[in-house]
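Remarks on the structure that follows.
The values are calculated or read from the model by the stated rules, or taken from the named source; none is laboratory data. Bear in mind the structure is a predicted one, so any value in this text is a computation, not a measurement. Counting neighbours? That spans all protein chains shown, and the Cβs are built from the backbone with ideal geometry, glycine included.
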Amino acid sequence: MLRLHANEHPQGPPAGVAESLHALVPELHRYPSGEGALQAAIAELHDVPLNRVLVGAGSAEIISLAWRVFTGPGRAAFFHEPEFEFYPMLSAQCGTAALTRAWPPEEHLAEYLRQERVGLMALSNPHNPTGAWQPRQAIADLAGRLPDTTVVLNDEAYYDYVDVPDAGPSLKALSELPNMLTTRTFSKIHGLAGLRVGYGVGNARLIGLLRALQTPFSVSSTACSAALAALADQTLVLDRRTRNREQREAMAAALTGRGFEAEPSQANFLYVRPPRGTADWGADLLDRGVRVYPVGTALRVTVGSTAETAVLIAAVDDILTSTQTKSMEEI
């Protein structure tokens, strides 16, 4: 089965990760102890104090904690549609009212959020599932128009894939805002999805509230060690970003040439609308061994390797041929 539904990176982790994990084998009977070193490395990377960094079991853990801390009775959660599927799941788990508006953010959004007494606004950037990128300054401006009681979750899971210049505020500057929390993950461009490690950077008060609810030892020693090794290889990130852009553009060109509509993307996936009235694309691709993520009538398709893109396009061509043949038979 070709996995083009979960936005995993098509390559494995950096070479140094295997060596770091092998060195841990004699200590696996001990409880995790590498979180402090990883927290310090992240703080140094973003030039922020230690108390502005929280390491978690993937950015998903940080986001889950944010839902538990900043939403509740009288404090709704807000996110845009189409939405990252994790957000409504968390709202259901926490019994939190979920408010939505269509993407992209509108001019009077801050006024709406104040009026509805929203406790947490989740904004994935680049946006999942469309891949659209919002300049950081726009997000900072939005947070500045909101009360401190409305926290803006700036979910940057796909930030490492962004290849457009952005002169907006740094992560350090964002962390100085009283109501801004930014999350990152090692699951995507670093290729560590199976180890579950990510982090949050934000105002020390917000980070303290999240830390108070975090389960001890939620991040394993192996995850911390692998993340440290990944951070040490920044040239790999640059190379993978370039390769992702090239493959994303090639995949978009191949699909649009076959009648699909592809949204501009700054992530490692495309949001595409198939040709109208042709097929149940999610199911038909699955039948051919290609798994993508349906979003209503659209599809979110992970950018894979050159070979994986070739398999995808071959499956698309087979569906189009089968559909045309069926139409001719009906005539």
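Residues in region 59-105 that are touching a helix residue (DSSP H, G or I) at 6+ places or on another chain (Cβ under 8 Å), more than 21 Å from residue 196 (Cβ to Cβ) and not aromatic (Phe, Trp, Tyr): 71, 72, 77, 91, 96, 97, 98, 101, 105.
Taking region 19-36 only, how many residues are outside any loop (DSSP other than H, G, I, E, B) and either closer than 16 Å to residue 184 by Cα or touching a Cys at 6+ places or on another chain (Cβ under 7 Å) (or both)? Residues that pass the stated criteria total 1. Residue 177: part of a loop (DSSP other than H, G, I, E, B) and at pLDDT 95 or above, yes or no? So residue 177 passes the test. Scanning for something in contact with a Pro (Cβ under 9 Å, 6 or more places away or on another chain) and either more than 22 Å from residue 218 (Cα to Cα) or part of a loop (DSSP other than H, G, I, E, B) (or both), does region 8-18 turn up at least one residue? Within region 8-18 (the criterion being in contact with a Pro (Cβ under 9 Å, 6 or more places away or on another chain) and either more than 22 Å from residue 218 (Cα to Cα) or part of a loop (DSSP other than H, G, I, E, B) (or both)), the answer is no, since none of the residues qualifies.
Every test in (1) out of contact with any Pro (no Cβ under 9 Å at 6 or more places or on another chain); (2) of a type outside the set (Phe, Trp, Tyr); (3) assigned to a loop (DSSP other than H, G, I, E, B); (4) modelled with pLDDT of 95 or more is passed by residue 157 save one, and that test is (1).
When restricted to residues that are of a type in the set (Lys, Arg) and touching a strand residue (DSSP E or B) at 6+ places or on another chain (Cβ under 7 Å), region 174-223 contains 2.
Out of the residues in region 1-39 meeting the condition of being free of Cβ contacts under 8 Å to residues at least 12 places away in the same chain and either surrounded by 11 or more Cβ atoms within 10 Å (Cβ to Cβ) or of a type in the set (D, E, K, R) (or both), tell me which one is farthest from residue 267 (Cα to Cα). For region 1-39, the residue satisfying everything is 36. Cβ separations smaller than 6 Å between residues 6+ apart or across chains give the following pairs from region 276-289 residues that are at pLDDT 95 or above to residues that are among the hydrophobic types (A, V, I, L, M, F, W, C) and part of a loop (DSSP other than H, G, I, E, B): 285/292; 289/1.
Scanning region 110-126 for residues that are more than 15 Å from the chain's Cα centre (by Cα) and buried (at least 22 other Cβ atoms within 10 Å of the Cβ) gives 113, 118, 119, 120, 121.
Taken over region 127-139, the criterion of being crowded, with 19+ Cβ neighbours inside 10 Å and assigned to a helix (DSSP H, G or I) is satisfied by 136, 139.
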